[in-house]
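The values are calculated or read from the model by the stated rules, or taken from the named source; none is laboratory data. A quick note: this is a predicted structure, and the numbers were derived from the prediction, not measured. Every residue, glycine as well, gets a Cβ built from its backbone with ideal geometry; the counts of neighbours run over all protein chains shown. The protein model used for the area step is the full one, side chains on, heavy atoms only, and it has no ligands, DNA or RNA in it. Shrake-Rupley method; radii C 1.70, N 1.55, O 1.52, S 1.80 Å.
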Amino acid sequence: MKEISYRELNINPITKIADEWVALVTGKSGDKINAMTLSWGEIGSLWEHSSGMPVVTIYVRPQRFSKILLDQEEYFTLCFFDNKKKELAYLGSHSGRNEDKIAKVGFHNVILKDYSYIEEASLVLVCKKIYRQTLKEECFIDKNIIEDCYSNKDFHDMYIAKIEKVLIK
């Protein structure tokens, strides 16, 4: 993988996340490594002066095993792939509590001191958590979203993280 500046990224973040999906990878050297698929999230700019800091926002439900691991770590990675929907579908529909999902789909971990990522990814965003908040029912202006997405009242935790590195194949 080669490191580039976030300013060199030439992607459509909406289709990259919503249509192609992304793997959230948690863990580092000495930890359990896990991955889950995300199809909701944002890539943008927030909070610093002038042009803002590059950030991602991700959403994880409270019952997900990945949330336990994510809450223990300072960093996570977002791994984007070319034509790996079958593998990502598995990562998003099975729990890593009792199996190594990454190996099960034929992917390989790259494990470093502060984070890990999946070797087969074409793009990796190394992210440092800076904010977390649970979505609240009373804050929804469009109440139809609650019925459509939260019938069990299992509101996502929202994480905002600074993009620390961008790695490409």
I130 fails exactly one of (1) within 16 Å of the chain's Cα centre (by Cα); (2) buried (at least 18 other Cβ atoms within 10 Å of the Cβ), namely (2)
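If you go through the stretch 39-50 one residue at a time, do you hit one that is under 25 Å from Y150 (Cα atoms) and open to solvent by 60 Å² or more (accessible area, probe 1.4 Å)? Before the answer, list the steps.
Quick first cut of the stretch 39-50, residues under 25 Å from Y150 (Cα atoms) only: 39-43.
Filter once more, keeping what is open to solvent by 60 Å² or more (accessible area, probe 1.4 Å): 40, 42.
Yes: the stretch 39-50 contains one or more residues that are under 25 Å from Y150 (Cα atoms) and open to solvent by 60 Å² or more (accessible area, probe 1.4 Å).
Can you pull out every residue in the stretch 94-108 that is surrounded by fewer than 19 Cβ atoms within 10 Å (Cβ to Cβ) and either in contact (Cβ under 8 Å) with a residue 24 or more places away in the chain or among the acidic types (D, E) (or both)?
Kept after step one, since they are surrounded by fewer than 19 Cβ atoms within 10 Å (Cβ to Cβ), are these residues of the stretch 94-108: 94-95, 97-100, 103-104, 106, 108.
Selection gives S95, R97, E99, D100.
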Flagged in the stretch 7-26 as open to solvent by 80 Å² or more (accessible area, probe 1.4 Å), assigned to a helix (DSSP H, G or I) and closer than 27 Å to D71 by Cα, in numbering order, are I14
(request) Can you confirm whether the stretch 124-135 contains a residue that is closer than 19 Å to R61 by Cα and touching a helix residue (DSSP H, G or I) at 6+ places or on another chain (Cβ under 9 Å)? (result) yes
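Looking at S29, is it part of a loop (DSSP other than H, G, I, E, B), touching a Leu at 6+ places or on another chain (Cβ under 9 Å) and open to solvent by 60 Å² or more (accessible area, probe 1.4 Å)? I'd like the intermediate steps shown before the answer.
On the way: part of a loop (DSSP other than H, G, I, E, B): yes; touching a Leu at 6+ places or on another chain (Cβ under 9 Å): yes; open to solvent by 60 Å² or more (accessible area, probe 1.4 Å): yes.
Yes, satisfied.
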Residues of the stretch 16-33 being among the polar types (S, T, N, Q) and modelled with pLDDT of 95 or more, in sequence order, are T26
Given (1) open to solvent by less than 60 Å² (accessible area, probe 1.4 Å); (2) among the polar types (S, T, N, Q); (3) farther than 24 Å from K113 by Cβ, N83 misses just (1)
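Among the residues of the stretch 136-148, are any among the polar types (S, T, N, Q), more than 19 Å from E20 (Cα to Cα), surrounded by 11 or more Cβ atoms within 10 Å (Cβ to Cβ) and modelled with pLDDT of 95 or more? Full working, then the answer.
If we filter the stretch 136-148 for residues that are among the polar types (S, T, N, Q), which is where we start, we get 144.
Subsequent filtering for residues that are more than 19 Å from E20 (Cα to Cα) retains 144.
Next, from what is left, pick out any that are surrounded by 11 or more Cβ atoms within 10 Å (Cβ to Cβ): none.
Taking every residue of the stretch 136-148 in turn, none turns out to be among the polar types (S, T, N, Q), more than 19 Å from E20 (Cα to Cα), surrounded by 11 or more Cβ atoms within 10 Å (Cβ to Cβ) and modelled with pLDDT of 95 or more.
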Only one of (1) out of contact with any strand residue (DSSP E or B) (no Cβ under 9 Å at 6 or more places or on another chain); (2) charged (D, E, K, R); (3) farther than 21 Å from E3 by Cβ does not apply to K113, and that is (3)
Here the residues within the stretch 111-124 that are within 19 Å of Q72 (Cα to Cα) and either open to solvent by less than 70 Å² (accessible area, probe 1.4 Å) or assigned to a loop (DSSP other than H, G, I, E, B) (or both) are L112, K113, D114, Y115, S116, Y117
